[in-house]
Amino acid sequence: MASILDRPLRAGILAAADNPLVRRAVTRYGMRLGARRFVAGEGVAQLLTAARAANAEGFSVAATLLGESIHERSETMAITDEYCRLLDAFAEEGYDANVAFKLTHVGLDVDPELAFENASRIVAVAAKNGNTVRMDMEQSRYVDATLETYRRLRAAGAANAGFVLQSYLYRSEDDLTAMLPLGPNVRIVKGAYLEPPEIAHPQKREVDASYLKLAELALSHEGYTAVATHDAKIIEHVERFAAARGLPKQGRFEFQMLYGIATPLARRTLERGYRVRLSIPYGEFWFPYLMRRLAERPANVAFFLKGALSPNLPVTKDRS
Ligand code: FDA
């Protein structure tokens, strides 16, 4: 989340993400522009290398094949197949890794029923392997469908599925309260998209306060909570809150951070005995993901542009 002073810049970066010229320019120069800091690579082999290294350090992993808003039925099925193969590879090769995916990547924009079927397939392979799966939360227009999909999965007996709530949305406290009877597996995040003040807290301090409220609510009830943030103050608060409630350091909650961000904080949290899961993205379609990471911290833009000044940039496939 950018500070309030960064808000216009953040909005500008997120708006630029929808501009075909920006998309073309950024994707043309591939990973060399600095995307590599946030993305393991474009192929599964690079994901597995990054996951292996993270596991060796003691981190759990959540792998994500980058992409969203797929409009071809056959493509959503190929993406689902890839997630299933990945889950099997994790099981066969002994990785401490699960997957997190976006419902629009597996068909939500085509047909909610297709997204449900594809999600069910991924969840079933994970269940067969004794693993878990999480559906990310996307723009606010997808919240109802995502929560409904989670409810349907749970009603179908899938206890290994999880979902995400964004603390910038006013509605999230009610959404969490409604889910509590299920003993939900919920990841709490601040929220990475540009949402209007009619539905989302515009001020960072309100987003942070809402985050703590959601985390405390989730931790006070049955279920599993993934506290996903790089905010050291929130992490310390959650540690104190959990200790005061007598929650063990592992088993009821975990911390989650994004690959390439706040790594020293992730290591310190791990050293204190908590489970820390790194979300590692990979795949060709890294552009929107990268733009969200830049928008969260506009200082990253400078880091990113430094790469653009390097001579002899290799040109990668144009995916605009
Ligand atoms: P905040 O923005 O307050 O940042 C705290 C500190 O972290 C900053 O001061 C800075 O030091 C560091 N930091 C944060 N972002 C950085 C960046 N991009 N580069 C460098 N440093 C940075 N969102 C969503 O809408 N749906 C989802 O499903 C998910 N899923 C998800 C999974 C995981 C594991 C994480 C960690 C995050 C998400 N998010 C997400 C993104 C989330 O909503 C939010 O945008 C980012 O986590 C940034 O917010 P922080 O909680 O880190 O706090």
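When you go through (1) farther than 29 Å from P298 by Cβ; (2) of a type outside the set (D, E, K, R); (3) within 16 Å of the ligand (Cβ to nearest atom); (4) not in a helix (DSSP H, G or I) one by one for M179, which number turns out not to apply?
Only one criterion is unmet by M179, namely (4).
Restricting to region 154-168, count the residues that are in contact (Cβ under 8 Å) with a residue 12 or more places away in the chain, surrounded by fewer than 21 Cβ atoms within 10 Å (Cβ to Cβ) and not in a loop (DSSP other than H, G, I, E, B).
1
Scan region 1-24 for residues that are in a helix (DSSP H, G or I), out of contact with any Ser or Thr (no Cβ under 8 Å at 6 or more places or on another chain) and modelled with pLDDT of 75 or more and jot them down.
Here is the first cut: in region 1-24, the residues in a helix (DSSP H, G or I) are 4-16, 20-24.
From the residues that got through so far, the ones that are out of contact with any Ser or Thr (no Cβ under 8 Å at 6 or more places or on another chain) too are 4-16, 21-22.
P8, L9, R10, A11, G12, I13, L14, A15, A16, L21, V22 - these are the residues of region 1-24 that are in a helix (DSSP H, G or I), out of contact with any Ser or Thr (no Cβ under 8 Å at 6 or more places or on another chain) and modelled with pLDDT of 75 or more.
Quick one: is A244 more than 26 Å from A56 (Cβ to Cβ), out of contact with any His (no Cβ under 9 Å at 6 or more places or on another chain), among the aliphatic types (A, V, I, L, M) and surrounded by fewer than 19 Cβ atoms within 10 Å (Cβ to Cβ)?
yes
Determine whether F253 is in contact (Cβ under 8 Å) with a residue 24 or more places away in the chain and within 19 Å of the chain's Cα centre (by Cα).
yes
When you look at A215, is it in a strand (DSSP E or B), within 12 Å of the ligand (Cβ to nearest atom) and under 21 Å from the mean Cα position of the chain (by Cα), yes or no? Walk me through it before giving the result.
On the way: in a strand (DSSP E or B): no; within 12 Å of the ligand (Cβ to nearest atom): yes; under 21 Å from the mean Cα position of the chain (by Cα): yes.
Against the criterion (in a strand (DSSP E or B), within 12 Å of the ligand (Cβ to nearest atom) and under 21 Å from the mean Cα position of the chain (by Cα)), A215 does not qualify.
Of these, S74, S69, which one is among the hydroxyl-bearing types (S, T, Y) and assigned to a loop (DSSP other than H, G, I, E, B)?
Values: S74 fails: assigned to a loop (DSSP other than H, G, I, E, B).
None of the others qualify; the one that does is S69.
What's the total number of residues in region 228-237 that are more than 9 Å from the ligand (Cβ to nearest atom) and in contact (Cβ under 8 Å) with a residue 24 or more places away in the chain?
Residues that pass the stated criteria total 2.
How about region 254-284: which of its residues are surrounded by fewer than 18 Cβ atoms within 10 Å (Cβ to Cβ) and over 18 Å from A228 (Cβ atoms)?
E271, G273, E284 - these are the residues of region 254-284 that are surrounded by fewer than 18 Cβ atoms within 10 Å (Cβ to Cβ) and over 18 Å from A228 (Cβ atoms).
Would you confirm whether any residue within region 130-142 is more than 25 Å from E254 (Cα to Cα) and surrounded by fewer than 17 Cβ atoms within 10 Å (Cβ to Cβ)?
Checking region 130-142: at least one residue is more than 25 Å from E254 (Cα to Cα) and surrounded by fewer than 17 Cβ atoms within 10 Å (Cβ to Cβ).
Just checking, which of G251, G223 is away from the ligand (no atom under 15 Å from the Cβ) and crowded, with 17+ Cβ neighbours inside 10 Å?
G223
Residue pairs, Cβ under 9 Å, 6 or more apart or interchain, first in region 258-277 and at positive phi and of a type outside the set (S, T, Y), second more than 9 Å from the ligand (Cβ to nearest atom) and part of a helix (DSSP H, G or I). List them.
These pairs meet every condition: G260/R36.
Return the total of residues in region 232-249 being assigned to a helix (DSSP H, G or I) and more than 22 Å from the chain's Cα centre (by Cα). Let's see the steps before the verdict.
Within region 232-249, the first condition is being assigned to a helix (DSSP H, G or I), and the residues that meet it are 232-244.
Now drop any that are not more than 22 Å from the chain's Cα centre (by Cα), which leaves 240-244.
Total meeting the criteria: 5.
For R151, are the conditions met, namely being surrounded by fewer than 23 Cβ atoms within 10 Å (Cβ to Cβ) and basic (K, R)?
Details: surrounded by fewer than 23 Cβ atoms within 10 Å (Cβ to Cβ): yes; basic (K, R): yes.
So R151 fits the description; yes.
Which of the residues spanning region 147-166 are out of contact with any Asp or Glu (no Cβ under 7 Å at 6 or more places or on another chain) and closer than 19 Å to A62 by Cβ? Can you show your working first?
As a first pass, look at region 147-166 and keep what is out of contact with any Asp or Glu (no Cβ under 7 Å at 6 or more places or on another chain): 148-163, 166.
Residues satisfying the conditions are T149, Y150, L153, A158, A159, N160, A161, G162, F163, Q166.
The values are calculated or read from the model by the stated rules, or taken from the named source; none is laboratory data. Since the structure is predicted, the reported quantities are computational estimates derived from the model, not experimental observations. So basically every Cβ, Gly included, is an ideal-geometry build from the backbone, and we count neighbours across all protein chains shown.
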